[in-house]
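The values are calculated or read from the model by the stated rules, or taken from the named source; none is laboratory data. Given the structure is predicted, the values throughout are model-derived calculations rather than measurements. Here the Cβ positions follow ideal geometry from the backbone for every residue, glycine too, while neighbour counts run over all protein chains shown.
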Amino acid sequence: MVQGLLLVNLGSPTSPKTKDVKKYLQEFLSDPNVIEMPKVFWQPLLKGVILPLRSWRSATFYQHSWLPEGSPLIVYTQKITAQVQKLLPQWNVKMAMTYNQPDIAQTLLQMKKDGCQNVILLPLFPEYTQSTTKSIIQQAQSVDIDLTIIKQFYDQPTYQQILASQIQTAWEKDTYDALFISYHSIPTAMVKHGDPYQEECEATTAAISNLLTIPKNKIKTVYQSKFGPMPWLKPYLKNSLMQAVELGQRNILIATPSFVADCLETLEEDYVQNYQTFKASGGNEFQLVPPMNDDPRFSRFLADLAVRNQVK
(Lines give C-alpha, C1' and ligand atoms only; values in the text may rest on other atoms or scores of the structure.)
Protein backbone atom coordinates (compact mmCIF):
# COMPACT_ATOMS: atom_id res chain seq x y z
CA MET A 1 0.00 0.00 0.00
CA VAL A 2 1.22 3.47 -0.88
CA GLN A 3 0.58 5.96 1.90
CA GLY A 4 -0.88 9.21 0.61
CA LEU A 5 -0.65 12.70 2.07
CA LEU A 6 -2.76 15.56 0.73
CA LEU A 7 -1.87 19.08 1.84
CA VAL A 8 -4.71 21.52 1.26
CA ASN A 9 -4.69 25.31 1.21
CA LEU A 10 -7.41 27.84 0.39
CA GLY A 11 -6.80 28.52 -3.29
CA SER A 12 -6.17 31.36 -5.68
CA PRO A 13 -7.33 32.76 -9.00
CA THR A 14 -5.63 31.27 -12.05
CA SER A 15 -4.32 34.71 -12.92
CA PRO A 16 -4.67 38.25 -11.54
CA LYS A 17 -6.98 39.19 -14.42
CA THR A 18 -10.45 40.40 -13.44
CA LYS A 19 -12.29 37.53 -15.15
CA ASP A 20 -10.23 34.90 -13.32
CA VAL A 21 -10.55 36.70 -9.99
CA LYS A 22 -14.32 36.92 -10.49
CA LYS A 23 -14.53 33.18 -11.20
CA TYR A 24 -12.52 32.40 -8.08
CA LEU A 25 -14.52 34.75 -5.85
CA GLN A 26 -17.80 33.33 -7.10
CA GLU A 27 -16.75 29.81 -6.10
CA PHE A 28 -15.32 30.94 -2.77
CA LEU A 29 -18.24 33.18 -1.78
CA SER A 30 -20.82 30.59 -2.86
CA ASP A 31 -19.60 28.13 -0.22
CA PRO A 32 -22.31 27.87 2.47
CA ASN A 33 -19.60 27.22 5.05
CA VAL A 34 -18.21 30.68 4.29
CA ILE A 35 -21.47 32.59 3.78
CA GLU A 36 -24.33 31.21 5.85
CA MET A 37 -27.01 33.47 4.36
CA PRO A 38 -29.72 31.51 2.47
CA LYS A 39 -28.82 31.18 -1.23
CA VAL A 40 -32.10 32.70 -2.36
CA PHE A 41 -31.01 35.99 -0.77
CA TRP A 42 -27.24 35.72 -1.11
CA GLN A 43 -26.77 34.69 -4.74
CA PRO A 44 -28.59 37.71 -6.31
CA LEU A 45 -26.57 40.02 -4.04
CA LEU A 46 -23.34 38.20 -4.86
CA LYS A 47 -23.85 38.18 -8.63
CA GLY A 48 -25.55 41.54 -8.94
CA VAL A 49 -23.53 43.71 -6.55
CA ILE A 50 -20.54 42.11 -4.86
CA LEU A 51 -18.80 40.39 -7.79
CA PRO A 52 -19.11 43.35 -10.20
CA LEU A 53 -17.70 45.74 -7.58
CA ARG A 54 -15.18 43.51 -5.83
CA SER A 55 -13.64 41.54 -8.71
CA TRP A 56 -11.75 44.35 -10.42
CA ARG A 57 -10.59 45.77 -7.10
CA SER A 58 -9.34 42.39 -5.89
CA ALA A 59 -7.68 41.84 -9.27
CA THR A 60 -5.65 45.00 -8.68
CA PHE A 61 -4.53 43.64 -5.31
CA TYR A 62 -3.56 40.30 -6.83
CA GLN A 63 -1.55 42.10 -9.52
CA HIS A 64 0.44 43.87 -6.80
CA SER A 65 1.34 40.62 -5.02
CA TRP A 66 1.68 38.22 -7.97
CA LEU A 67 5.07 36.51 -8.27
CA PRO A 68 6.81 35.66 -11.57
CA GLU A 69 6.00 32.01 -10.82
CA GLY A 70 2.35 32.75 -10.04
CA SER A 71 0.16 33.25 -7.00
CA PRO A 72 2.25 33.46 -3.79
CA LEU A 73 -0.08 31.10 -1.97
CA ILE A 74 0.17 28.50 -4.74
CA VAL A 75 3.93 28.94 -5.16
CA TYR A 76 4.69 28.49 -1.46
CA THR A 77 2.28 25.58 -1.08
CA GLN A 78 4.04 23.89 -4.01
CA LYS A 79 7.39 24.43 -2.28
CA ILE A 80 6.08 23.00 0.99
CA THR A 81 4.67 19.98 -0.85
CA ALA A 82 7.96 19.36 -2.65
CA GLN A 83 9.91 19.57 0.62
CA VAL A 84 7.56 17.15 2.38
CA GLN A 85 7.71 14.73 -0.57
CA LYS A 86 11.52 14.76 -0.36
CA LEU A 87 11.31 13.97 3.36
CA LEU A 88 8.84 11.12 2.70
CA PRO A 89 10.22 9.51 -0.50
CA GLN A 90 8.10 6.36 -0.17
CA TRP A 91 4.87 8.34 0.13
CA ASN A 92 2.63 9.96 -2.46
CA VAL A 93 2.48 13.61 -1.38
CA LYS A 94 0.20 15.98 -3.26
CA MET A 95 -1.36 19.41 -2.79
CA ALA A 96 -4.85 20.67 -3.54
CA MET A 97 -6.92 23.80 -3.05
CA THR A 98 -10.37 24.25 -1.55
CA TYR A 99 -11.28 26.56 -4.43
CA ASN A 100 -9.97 26.44 -7.99
CA GLN A 101 -7.11 24.13 -8.96
CA PRO A 102 -5.74 21.64 -8.07
CA ASP A 103 -9.18 20.28 -7.13
CA ILE A 104 -9.43 18.21 -3.94
CA ALA A 105 -11.68 15.45 -5.29
CA GLN A 106 -9.82 15.11 -8.59
CA THR A 107 -6.48 14.92 -6.79
CA LEU A 108 -7.76 12.24 -4.43
CA LEU A 109 -9.12 10.19 -7.34
CA GLN A 110 -5.72 10.33 -9.02
CA MET A 111 -4.01 9.31 -5.77
CA LYS A 112 -6.36 6.34 -5.54
CA LYS A 113 -5.47 5.34 -9.11
CA ASP A 114 -1.80 5.62 -8.15
CA GLY A 115 -2.26 3.01 -5.44
CA CYS A 116 -3.08 5.01 -2.32
CA GLN A 117 -5.54 3.03 -0.21
CA ASN A 118 -5.34 5.60 2.56
CA VAL A 119 -4.71 9.34 2.33
CA ILE A 120 -3.88 11.56 5.27
CA LEU A 121 -5.81 14.79 4.74
CA LEU A 122 -3.90 17.71 6.22
CA PRO A 123 -5.47 21.17 5.83
CA LEU A 124 -2.81 23.86 6.12
CA PHE A 125 -4.84 25.78 8.71
CA PRO A 126 -3.48 25.50 12.26
CA GLU A 127 -6.86 26.25 13.85
CA TYR A 128 -10.12 24.58 12.86
CA THR A 129 -13.09 26.55 11.61
CA GLN A 130 -16.03 25.60 9.43
CA SER A 131 -15.18 28.28 6.85
CA THR A 132 -11.88 26.57 6.01
CA THR A 133 -11.35 23.05 7.35
CA LYS A 134 -14.96 21.88 7.24
CA SER A 135 -15.21 22.65 3.52
CA ILE A 136 -12.00 20.72 2.86
CA ILE A 137 -13.27 17.68 4.74
CA GLN A 138 -16.63 17.72 2.95
CA GLN A 139 -15.00 17.85 -0.47
CA ALA A 140 -12.57 15.07 0.42
CA GLN A 141 -15.31 12.82 1.79
CA SER A 142 -17.11 12.96 -1.57
CA VAL A 143 -14.44 10.56 -2.87
CA ASP A 144 -14.52 6.84 -2.11
CA ILE A 145 -11.14 6.56 -0.43
CA ASP A 146 -10.02 5.86 3.12
CA LEU A 147 -9.11 9.16 4.81
CA THR A 148 -7.19 9.97 7.98
CA ILE A 149 -8.10 13.56 8.81
CA ILE A 150 -5.92 15.94 10.80
CA LYS A 151 -8.33 18.73 11.73
CA GLN A 152 -5.89 21.14 13.40
CA PHE A 153 -2.31 21.39 14.59
CA TYR A 154 -2.20 24.63 16.60
CA ASP A 155 -1.63 22.59 19.77
CA GLN A 156 1.41 20.67 18.51
CA PRO A 157 4.49 21.64 20.58
CA THR A 158 6.87 21.53 17.60
CA TYR A 159 4.64 23.85 15.56
CA GLN A 160 4.39 26.24 18.51
CA GLN A 161 8.17 26.22 18.94
CA ILE A 162 8.78 27.02 15.26
CA LEU A 163 6.25 29.86 15.36
CA ALA A 164 7.71 31.26 18.57
CA SER A 165 11.22 31.04 17.12
CA GLN A 166 10.18 33.04 14.05
CA ILE A 167 8.55 35.70 16.21
CA GLN A 168 11.44 35.92 18.65
CA THR A 169 13.96 36.32 15.82
CA ALA A 170 11.91 39.13 14.26
CA TRP A 171 11.38 40.84 17.64
CA GLU A 172 15.10 40.97 18.34
CA LYS A 173 15.90 42.68 15.03
CA ASP A 174 14.42 46.00 16.20
CA THR A 175 12.83 47.76 19.14
CA TYR A 176 9.07 47.25 19.27
CA ASP A 177 6.38 48.53 21.61
CA ALA A 178 3.97 45.67 21.01
CA LEU A 179 3.44 42.33 19.28
CA PHE A 180 0.08 41.84 17.57
CA ILE A 181 -0.80 38.22 16.84
CA SER A 182 -3.35 38.54 14.06
CA TYR A 183 -5.72 35.78 12.95
CA HIS A 184 -8.18 35.72 10.07
CA SER A 185 -11.50 36.71 11.59
CA ILE A 186 -14.77 34.81 11.23
CA PRO A 187 -18.40 35.82 11.88
CA THR A 188 -19.22 35.83 15.58
CA ALA A 189 -22.37 33.84 14.74
CA MET A 190 -20.18 30.85 13.86
CA VAL A 191 -18.59 30.94 17.30
CA LYS A 192 -22.00 31.21 18.95
CA HIS A 193 -23.03 28.09 17.02
CA GLY A 194 -20.13 26.12 18.44
CA ASP A 195 -17.19 26.80 16.13
CA PRO A 196 -13.99 26.31 18.21
CA TYR A 197 -11.89 28.76 16.18
CA GLN A 198 -11.73 31.67 18.63
CA GLU A 199 -10.86 29.36 21.50
CA GLU A 200 -8.09 27.74 19.45
CA CYS A 201 -6.69 31.12 18.36
CA GLU A 202 -6.53 32.30 21.95
CA ALA A 203 -4.89 29.01 22.95
CA THR A 204 -2.29 29.54 20.20
CA THR A 205 -1.44 32.99 21.52
CA ALA A 206 -1.21 31.71 25.09
CA ALA A 207 1.12 28.87 24.11
CA ILE A 208 3.38 31.11 22.03
CA SER A 209 3.51 33.76 24.77
CA ASN A 210 4.94 31.18 27.17
CA LEU A 211 7.79 30.46 24.75
CA LEU A 212 8.75 34.08 24.10
CA THR A 213 10.88 36.47 26.14
CA ILE A 214 8.46 39.26 25.18
CA PRO A 215 6.49 40.62 28.17
CA LYS A 216 2.95 39.30 28.01
CA ASN A 217 1.50 42.78 28.50
CA LYS A 218 3.01 43.69 25.13
CA ILE A 219 1.27 40.82 23.30
CA LYS A 220 -2.23 41.28 21.88
CA THR A 221 -4.54 38.95 19.95
CA VAL A 222 -6.30 40.67 17.05
CA TYR A 223 -8.31 39.65 13.98
CA GLN A 224 -8.24 40.77 10.36
CA SER A 225 -9.83 40.28 6.93
CA LYS A 226 -13.43 41.01 7.91
CA PHE A 227 -15.93 40.69 5.07
CA GLY A 228 -19.46 42.10 4.94
CA PRO A 229 -21.60 44.07 7.42
CA MET A 230 -22.19 41.37 10.05
CA PRO A 231 -20.13 41.37 13.29
CA TRP A 232 -16.91 39.34 13.16
CA LEU A 233 -14.40 38.46 15.85
CA LYS A 234 -12.73 41.50 17.39
CA PRO A 235 -10.59 43.45 18.06
CA TYR A 236 -9.88 44.23 14.42
CA LEU A 237 -6.25 44.66 13.45
CA LYS A 238 -6.77 47.95 11.63
CA ASN A 239 -8.56 49.56 14.58
CA SER A 240 -5.98 48.19 16.99
CA LEU A 241 -3.16 49.75 14.99
CA MET A 242 -4.77 53.18 15.19
CA GLN A 243 -5.46 52.78 18.90
CA ALA A 244 -1.86 51.69 19.50
CA VAL A 245 -0.57 54.94 18.03
CA GLU A 246 -2.93 56.92 20.26
CA LEU A 247 -1.41 55.08 23.23
CA GLY A 248 2.10 55.97 22.10
CA GLN A 249 2.90 52.55 20.65
CA ARG A 250 4.48 53.56 17.34
CA ASN A 251 6.57 50.45 16.70
CA ILE A 252 4.52 47.31 16.06
CA LEU A 253 5.47 43.75 15.07
CA ILE A 254 2.69 41.59 13.62
CA ALA A 255 2.57 37.79 13.40
CA THR A 256 -0.12 36.04 11.34
CA PRO A 257 -0.35 32.38 12.46
CA SER A 258 -3.53 31.55 10.55
CA PHE A 259 -1.71 32.13 7.25
CA VAL A 260 1.05 29.55 6.77
CA ALA A 261 1.89 30.93 3.33
CA ASP A 262 2.07 34.48 2.03
CA CYS A 263 -1.15 35.48 0.33
CA LEU A 264 -3.34 38.50 -0.41
CA GLU A 265 -4.05 39.00 3.29
CA THR A 266 -0.39 39.27 4.29
CA LEU A 267 1.09 40.91 1.19
CA GLU A 268 -1.68 43.35 0.29
CA GLU A 269 -4.01 43.75 3.28
CA ASP A 270 -1.23 43.95 5.86
CA TYR A 271 1.89 45.18 4.10
CA VAL A 272 -0.02 47.77 2.04
CA GLN A 273 -3.44 48.69 3.47
CA ASN A 274 -2.79 48.21 7.18
CA TYR A 275 0.70 49.65 6.82
CA GLN A 276 -0.74 52.78 5.21
CA THR A 277 -3.36 53.09 7.96
CA PHE A 278 -0.69 52.75 10.64
CA LYS A 279 1.65 55.31 9.05
CA ALA A 280 -1.18 57.77 8.39
CA SER A 281 -2.13 57.54 12.08
CA GLY A 282 1.40 58.54 13.11
CA GLY A 283 2.98 55.10 13.45
CA ASN A 284 6.67 54.53 12.88
CA GLU A 285 8.00 50.96 12.60
CA PHE A 286 5.63 48.35 11.11
CA GLN A 287 6.89 44.84 10.36
CA LEU A 288 5.38 41.42 9.74
CA VAL A 289 6.84 38.13 10.85
CA PRO A 290 6.96 36.11 7.60
CA PRO A 291 4.55 33.15 7.46
CA MET A 292 5.97 29.62 7.51
CA ASN A 293 6.27 29.66 3.70
CA ASP A 294 9.07 27.25 2.73
CA ASP A 295 10.80 27.18 6.12
CA PRO A 296 12.27 23.64 6.16
CA ARG A 297 11.43 23.30 9.86
CA PHE A 298 7.74 23.62 9.03
CA SER A 299 7.93 21.05 6.23
CA ARG A 300 9.71 18.67 8.61
CA PHE A 301 6.97 19.24 11.18
CA LEU A 302 4.27 18.40 8.61
CA ALA A 303 6.13 15.25 7.54
CA ASP A 304 6.55 14.09 11.13
CA LEU A 305 2.91 14.87 11.91
CA ALA A 306 1.82 12.76 8.93
CA VAL A 307 4.04 9.85 9.96
CA ARG A 308 2.56 9.88 13.46
CA ASN A 309 -0.90 9.56 11.91
CA GLN A 310 0.07 6.90 9.39
CA VAL A 311 -2.18 3.85 9.15
CA LYS A 312 -0.21 0.85 10.39
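If you go through segment 174-227 and pick out every residue that is farther than 16 Å from Q160 by Cβ, β-branched (V, I, T), in contact (Cβ under 8 Å) with a residue 60 or more places away in the chain and surrounded by 20 or more Cβ atoms within 10 Å (Cβ to Cβ), you end up with 0. Checking Q138, Q106 one by one, the residue that is among the polar types (S, T, N, Q), more than 20 Å from L302 (Cα to Cα), in a helix (DSSP H, G or I) and free of Cβ contacts under 8 Å to residues at least 12 places away in the same chain is Q106 and no other. The listed residues are L253, L212, and the only one of them that is outside any loop (DSSP other than H, G, I, E, B) and over 30 Å from D146 (Cβ atoms) turns out to be L253. Taken together, the criteria exclude W91 from residues that are under 27 Å from Q198 (Cβ atoms) and either out of contact with any helix residue (DSSP H, G or I) (no Cβ under 6 Å at 6 or more places or on another chain) or at pLDDT below 95 (or both).
Would you pick out the residues in segment 80-103 that are without any contact (Cβ under 8 Å) to a residue 24 or more places away in the chain, assigned to a loop (DSSP other than H, G, I, E, B) and within 20 Å of the chain's Cα centre (by Cα)? Scanning segment 80-103 gives a single hit, P102. Applying the criterion of being assigned to a strand (DSSP E or B) and of a type outside the set (A, V, I, L, M, F, W, C) to the residues of segment 180-209, the residue that is farthest from V49 (Cα to Cα) is S182. Only one of the numbered conditions (1) surrounded by fewer than 21 Cβ atoms within 10 Å (Cβ to Cβ); (2) modelled with pLDDT of 95 or more; (3) within 28 Å of S55 (Cα to Cα) is violated by V260, and that is (1). State whether the residues of segment 151-159 include one that is assigned to a strand (DSSP E or B), touching a Phe, Trp or Tyr at 6+ places or on another chain (Cβ under 7 Å) and on the phi < 0 side of the Ramachandran plot. Checked against the condition, which is being assigned to a strand (DSSP E or B), touching a Phe, Trp or Tyr at 6+ places or on another chain (Cβ under 7 Å) and on the phi < 0 side of the Ramachandran plot, segment 151-159 yields no hits at all.
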